[in-house]
Amino acid sequence: MTSEQPAHTSNAPSEITFGVRGLHCASCVNTLEKKLREHPAITTAIVNLATETGFVRFDPRRLTLSNVFGLVHAAGYTPVELHDAPASADDDLRIQRNWLIFSLCASLPIMLTMGMHTNRAVMQFNLLLATAVQFSAGLTFYRGAWSSIKNRSSNMDVLVALGTSAAYFYSLLAYFGLLGPHREVFFETSAMLIAFIRLGKYLEARARGKAGEALKKLLHLQADKARLVTDAGEKDVPASIIRVDDVVLVRPGETIPVDGEVLEGRGAVDEAMVTGESMPVIKNPGDSVTGATLNKSGVLRVRATRVGEATLLSQIVRMVREAQGDKAPIQRFADAVSAWFVPLVIILSLATFLIWFSLLHTDFLSAFRYAIAVVVIACPCAMGLATPTAIMVGSGIALGRGILVKKGSALETISRMQVVLLDKTGTLTSGTPAMTDLIPVSRSVDPAKLLECLATAEAHSSHPLAQAAISAAAKAGIQPGEAQDFEERGGYGITCTFGGFRLSVGNERLMEEEGVVLAPLADKSAALAAEGKSLIFVAAGTTLVGVAAFGDTLTPNAVRAVSEIRGMGIRTCMITGDHAEVAGIVARQIGVDDYEAGVLPGRKQEVVKEYQRRGMIVGMVGDGINDAPALAQADVGIAIGGGTDVAKETGDIVLMRDDLLDVVRTIHIGRATLGKVRQNLFWALFYNILGIPVAAGLLSRYGITLKPEYAGLAMALSSVSVVLNSILLKRMEKDL
């Protein structure tokens with residue numbers, strides 16, 4: 001169970017996500033949501049059939065968590081705290097299996113002897129078996145139907161209870177001769193009907209488990225134990241008792257138990273759980289590590305910085321659960337259909353009976369069986385599972401690629417996206433300057449010596465360009481020399497003495513003061529400046545030695561990602577606070593359709609609104625605090641994982657790997673997920689549109705009929721087929 005209440009106001013609504021047992025179809029979902037929303041203190045109630053979870057947002061001043069659970073109980077369902085949900089789901093699967101075995105064992109003898117209706121002993125035996133099945137394995141349908149009727153609604157349990165009761169009690173009355181002589185009994189219909197529906201429920205529960213494997217894997221990643229370092233030495237303790245600032249020791253092959261900072265040691269850590277990357281990351285003292293990641297080599301001494309619900313893994317689990325519990329817009333269609341579907345089916349069943357018996361003058365038993373078959377085959381279970389199972393699988397695939405989908409509806413929204421706005425700094429570009437060019441004034445100047453002079457002068461400066469120069473020298477294997485008479489002049493540059501020369505390293509103003517002529521590199525300098533790069537000139541005495549150019553480099557895959565997004569028919573627009581000249585250069589390098597420069601944070605949000613006013617579905621990709629308003633305003637906000645917590649909290653989708661190609665992958669996943677949802681809804685509706693006429697006997701003149709028990713099997717298997725079709729989404733993983 002998760003309960004959140006922002007600290008900044010006592011009036012903020014609380015939220016709770018919990019497991020729900022007893023959900024059977026889309027009508028159950030509607031019933032429970034309606035019951036919860038009737039309470040004035042509840043503002044939001046979302047129930048998910050596939051994950052069997054509920055999400056409620058309420059006013060804590062007027063309602064407590066126990067009150068919420070009480071409302072769920074009153075509606076006829078059983079609430080379960082989320083930390084108990086996995087065990088409860090396993091128990092439920094075991095119970096479904098046991099009832100299936102019992103109902104099949106009791107029903108098969110009835111099926112095998114259904115032609116021996118004249119044998120009184122056999123019929124007595126069948127009566128006992130049918131009664132046992134009806135009021136044991138079938139009792140759950142009576143309970144569900146009663147709860148549904150109490151709440152003035154109708155669900156699958158109502159249909160099953162009606163169908164099985166009609167068959168059972170008709171056979172019971174016929175057995176005792178109360179319907180006249182020689183009336184046929186068919187105990188096998190009710191018994192096999194319950195057995196087949198139990199089979200469907202068992203297969204459905206197993207398939208749901210496969211659909212939700214991603215979340216189960218996450219739940220099993222957390223370390224159970226930790227090696228706590230104390231003054232008395234090391235001791236193994238449960239990971240749950242570790243507190244912030246405790247120090248733990250992690251040996252090779254062990255799971256890191258908490259989020260923390262490496263104090264001592266060096267090791268390679270497998271962070272595939274977080275980023276989806278298979279290559280281990282080297283961790284040194286001062287680096288952060290994430291709980292549930294695996295230490296592949298080296299001994300690490302780690303100080304805990306986040307524990308329990310605050311760890312990244314716990315946050316991801318919470319976000320995934322909320323995403324799988326979220327309702328996509330297309331699901332509203334299924335919900336609307338299922339709300340009136342069950343009453344319509346009952347009307348169709350009565351109409352079927354009256355037409356066959358009164359108008360077509362068929363015998364009572366045949367008309368009765370047609371009516372029961374209509375009731376049984378038309379359950380809207382498949383429609384209720386169509387959307388959430390596909391979203392569950394789709395979000396699981398995304399998670400495996402290091403893409404955290406925080407809202408399930410975002411997968412549908414991103415599949416419809418028409419324009420994507422891309423922040424420049426930190427998203428399309430690295431956000432930190434790097435040396436891109438080093439040009440000696442002539443061939444007689446050694447580039448390595450030029451770089452050494454540059455690094456020596458910049459060695460004691462904290463300016464970003466100075467740090468970029470030192471980094472470039474380090475990559476080239478060049479160490480700064482020892483300089484004397486070091487002087488840093490703000491807005492100009494640095495002067496110092498090195499190797500017997502007075503070095504001047506800085507901009508044009510410094511060169512002018514030092515009497516350095518820049519004419520030998522004037523053309524190249526102008527070309528570099530036109531590309532939006534910052535220049536640092538290097539002079540020895542009054543002689544120009546060379547120039548270094550620095551720029552904000554493009555992130556890996558940025559050009560390819562933009563190209564592929566455009567190839568999908570999505571318009572791309574770069575928005576940046578940088579000046580127009582630099583923005584224009586980057587826009588041309590990246591290949592976006594449009595760009596806007598000099599944009600303040602408020603303007604970014606307004607750009608999103610402008611596209612939305614034009615009727616377009618807008619995506620926003622960003623990483624910083626200044627992107628948060630636009631991420632929130634966009635139809636789908638995509639936060640770069642390496643960015644700020646504000647951006648991550650605001651975005652609907654978080655890219656854990658800082659790889660812009662993951663935007664492309666997310667669009668592919670979203671489109672494939674929406675495609676599966678449409679397939680599921682089509683087949684669910686097509687199944688009912690096709691199945692009801694067959695069950696009603698419209699094809700009986702061609703010898704095609706459907707017994708009630710086989711209608712029950714078909715209904716059960718339709719739900720299983722929808723779940724299995726969703727699982728087929730996993731085939732796209734290899735193409736991402």
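What follows is calculated from the coordinates using simple rules that are stated; it is not laboratory data. Since the structure is predicted, the reported quantities are computational estimates derived from the model, not experimental observations. All Cβ positions, glycine included, derive from the backbone under ideal geometry; neighbour counts span all protein chains shown.
Modelled label-to-label distance, Val281 and Ala530, 7 Å Cα→beta-carbon offset: nm?
Taking the simple label geometry, Val281 and Ala530 are separated by 4.1 nm.
Note the full-extension length gain between Asn98 and Leu354 as 0.36 nm times their separation in residues minus their Cα-Cα distance, in nm to one decimal.
88.3 nm
Could you calculate the FRET efficiency of Leu690 with Glu38 from 1/(1 + (r/R0)^6), where r is the beta carbon distance between them and R0 is 56 Å, rounded to 0.05?
Result of the calculation: an efficiency of 0.95.
Using Cα-Cα distances under 8 Å and only pairs 6 or more residues apart, what relative contact order does the chain have, in percent?
About 14 percent, as a whole number.
Just in the stretch 651-733: which trypsin sites (Lys or Arg not before Pro) are loop by DSSP and have at most 12 other Cβ atoms within 10 Å?
none
Filter the chain for me: DSSP H helices, axial length by Cα at least 27 angstrom, mean Kyte-Doolittle hydropathy not below -0.5. List them by residue number.
What comes out of the filter, once short or polar helices are dropped, is 85-112, 156-175, 187-211, 331-354, 381-400, 661-695, 708-727.
Exposure proxy check: Asp735, Asp627 ranked by fewest other beta carbons within 10 Å?
Fewest to most other Cβ atoms nearby, the residues stand as Asp735, Asp627.
If r is the Cβ-Cβ distance from Cys105 to Ala74 and R0 is 35 Å, what FRET efficiency results, to the nearest 0.05?
0.45
Between Leu173 and Arg318, what is the label-point separation in nm under the 7 Å Cα-to-beta-carbon projection?
Between Arg318 and Leu173, the simple spin-label model gives 5.8 nm.
Would you work out if the stretch 397-441 is rounded, prolate or oblate? Take a ≥ b ≥ c from the square roots of the eigenvalues of the alpha-carbon gyration tensor; rounded if a/c is under 1.5, else prolate when a/b is larger than b/c, oblate otherwise.
Since a/c reaches 1.5 and a/b is larger than b/c, the shape of the stretch 397-441 is classed as prolate.
Taking a 25 Å limit on the Cα-Cα distance, which of the listed pairs Lys283/Lys475; Lys475/Lys604; Lys201/Lys676; Lys34/Lys609 fall beyond it?
Too far apart for the 25 Å limit: Lys475/Lys604; Lys34/Lys609.
I need to check one value: relative contact order of the stretch 222-310, counting alpha carbon pairs closer than 8 Å and at least 6 residues apart, in percent.
Relative contact order comes out at 36 percent.
Which value, in debye to the nearest 20, gives the size of the charge dipole of the chain about its Cα centre, when Lys and Arg are +1 and Asp and Glu are -1 at the Cβ?
For this selection, approximately 3500 debye.
So for Ile282, Ile391, Ile242, fewest C-beta neighbours within 10 Å to most, what's the order?
Ordered from fewest to most neighbouring Cβ atoms within 10 Å, Ile282, Ile391, Ile242 come out as Ile282, Ile242, Ile391.
Fewest first, what order do Cys496, Cys381 take by the number of other Cβ atoms within 10 Å?
Result, fewest neighbours first: Cys496, Cys381.
Stretched out fully, how many nm does the piece from Glu261 to Leu365 gain, at 0.36 nm a residue minus the Cα gap?
Difference between extended and current length: 29.9 nm.
If we restrict to alpha carbons, what Rg and Dmax does the stretch 438-553 come to, in Å?
Looking at the stretch 438-553, its Cα Rg and Dmax stand at 12.8, 35 Å.
Between Leu139 and Asp236, how many nm apart are label points set 7 Å from Cα along the C-beta direction?
Simple spin-label model gives 4.4 nm for this pair.
First measure r as the distance between the Cβ atoms of Ala268 and Asn557, then evaluate 1/(1 + (r/R0)^6) with R0 = 25 Å and state the FRET efficiency to the nearest 0.05.
0.55
Placing unit charges on C-beta atoms (Lys and Arg positive, Asp and Glu negative, everything else neutral), compute the dipole magnitude of the stretch 438-553 about its Cα centre in debye, rounded to 20.
280
For Cα extents along the principal axes in Å, the listed values are (1) 104, 62, 41; (2) 91, 67, 42; (3) 124, 66, 48; which was obtained by calculation from the structure presented?
Read-out from the structure maps to (3).
Which shape class, rounded, prolate or oblate, goes with the stretch 222-265 when its Cα gyration tensor gives a ≥ b ≥ c as root eigenvalues, a/c under 1.5 marks rounded, and past that a/b bigger than b/c marks prolate?
Because its axes are fairly even, with a/c under 1.5, the stretch 222-265 counts as rounded.
Glu581 label point, 7 Å along Cα→Cβ, cut-off 15 Å on backbone N: hits in the stretch 500-534?
508-509, 523-534
DSSP loop (so not H, G, I, E, B), at most 16 other Cβ within 10 Å: list which GluC sites (Glu not before Pro) in the stretch 119-209 pass both filters.
Here the GluC sites (Glu not before Pro) that fit, given the DSSP loop and packing criteria, are Glu184.
222 nm [θ] for the chain, helices only, -39500 (n - 2.57) per DSSP H run of 4+, per residue, to 500?
Computed ellipticity for the chain at 222 nm equals -15500 deg cm²/dmol.
In whole percent, what relative contact order does the stretch 438-553 give with Cα contacts below 8 Å and a gap of six or more residues?
Once normalised by length, the contact order is 26 percent.
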